[in-house]
Amino acid sequence: MTSVETAPGSTGLSRGKAFGIAVALYLVWVFATWLLEGRILLLQNPDPTGRLIYAVVANIVIGTLITLVAIRTFLSAGVLSPDRTGFRTVPYAVGAIVLAGVVGALIYALAGFPTSDPIVFLNGFAQVFPTSVAEVFVCWTAVGMVSESLAQPAGKYLALVTGIVTATVFFGVYHIAHSPPFNTPMMIVFLMLPGLATSIFYFAVREVYSTIIFQNLMGTLGVIQNTDPAALARPNQGAIALALVLVAVLIAADYLLVRRRSAGRGQG
């Protein structure tokens, strides 16, 4: 019988150790966020160079690429499986992305459609995209999924609740590393509400790209509601270009680190 501390796999990595690695990675990401954003109040200052460094180091290198390496290790150890973690086939991913768009549109409708300007929306979407990618991989795909795996011996329903709650709480708490007002206790608790929505979507759909879109749509809504539209009225070519580069990097890293290795083991 497999205990809570062990999982099948060639690496001998236990579920408990995998959770420790996921939490350590989370703490490194949070520290990098504080160092490069919260410490210098970057979100309150129009510093393109500082924002680029923060996006690349904290969210692309640590939050995305290094996290994908850790997820590959969890998959190799049998702690996680590609399908349940969210690395699904292309047709499934496309359908899930459409679903994320539909649900996002409903949320925008309930919010009263804060903008009808496509440039304002595109700028907001591109601005938060690197952060949303890192948030999904660290809080949901790593911490949330490993916590669900760790709780599996208690039953699948309790494990599911454990994954949802853990991911939601970790997402909310991570904002302590951001600039005010995001690091205030009331805001941290409030942000757990959209975090819970993302958790429900992710654990129901089990697809990472659509979850990134869903999380980013909610982040975009927050940016549009709390930013002067004039500041987003002209195309932010740097943010848009970075988002496009990140999409290419993400797809390549997904294939090289996850899907190709899974196919080589006969799992994908």
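Result for the chain in a Gaussian network model with C-alpha springs under 10 Å: among L106, L250, L75, the largest mean-square fluctuation is at L106.
Using only Cα atoms, locate the centre of the stretch 69-117 and the centre of the stretch 156-170, then give the distance between them in Å, rounded to an integer. Going from one Cα centre to the other spans 17 Å.
Highest mean packing first, where packing is the average number of other Cβ atoms within 10 Å per residue, the peptides 227-235, 51-59, 95-103 line up as 51-59, 95-103, 227-235. The protection proxy used here, the mean number of other Cβ atoms lying within 10 Å of each residue, ranks peptides 199-208, 35-44 as follows, highest first: 199-208, 35-44. Projecting the Cα atoms of G78, A142, F129 onto the charge dipole of the stretch 57-180 (Cβ charges, centred on the Cα centre) puts G78 farthest toward the positive pole.
Can you list the DSSP H helices in the chain whose Cα atoms extend at least 18 Å along the helix axis and whose mean Kyte-Doolittle hydropathy is 1.6 or higher? Taking the DSSP H segments of the chain (at least 18 Å long, mean hydropathy at least 1.6), we get 90-110, 185-205, 237-254.
Result for the chain in a Gaussian network model with C-alpha springs under 10 Å: among Y174, Y209, Y255, the largest mean-square fluctuation is at Y255. Computed with a 1.4 Å probe over protein heavy atoms only, the accessible area of D83 comes to about 90 Å². Placing +1 on the Cβ of every Lys and Arg and -1 on the Cβ of every Asp and Glu, with no other charges, gives the chain a dipole of roughly 700 debye about its Cα centre.
Of the residues I119, S199, A177, the one whose Cα sits farthest towards the positive end of the charge dipole of the chain is S199 (charges of +1 on Lys and Arg Cβ, -1 on Asp and Glu Cβ, taken about the Cα centre). Extending 7 Å from Cα along the Cβ direction at S81 and again at L244 yields two label points whose distance is 3.9 nm. Measuring nothing but how far apart in sequence close Cα pairs (under 8 Å, 6+ apart) lie, relative to its length, the chain scores a relative contact order of 29 percent. Accessible area per residue for the chain is 47 Å², calculated with a 1.4 Å probe on protein heavy atoms, without ligands, DNA or RNA.
Can you give the FRET efficiency for A111 and A233, using 1/(1 + (r/R0)^6), R0 = 30 Å, r = Cβ-Cβ distance, to the nearest 0.05? Efficiency, from the Cβ-Cβ distance: 0.90. The simple Förster model, with R0 at 30 Å and r as the Cβ-Cβ distance, assigns Y157 and Y92 a FRET efficiency of 0.80. Inter-label distance, M186 to I251: 4.4 nm, where each label sits 7 Å from its Cα along the C-beta direction. Among 61-70, 20-29, 212-221, sorting by the average number of other beta carbon atoms lying within 10 angstrom of each residue, highest first, gives 212-221, 61-70, 20-29.
The values are calculated or read from the model by the stated rules, or taken from the named source; none is laboratory data. On a predicted model such as this, the values are computed, not experimentally measured, just so you know. Cβ: placed from backbone, ideal geometry, glycine included. Neighbour counts: every protein chain shown. All accessible areas refer to the heavy atoms of the entire protein, side chains included, with ligands and DNA or RNA removed. Shrake-Rupley method; radii C 1.70, N 1.55, O 1.52, S 1.80 Å.
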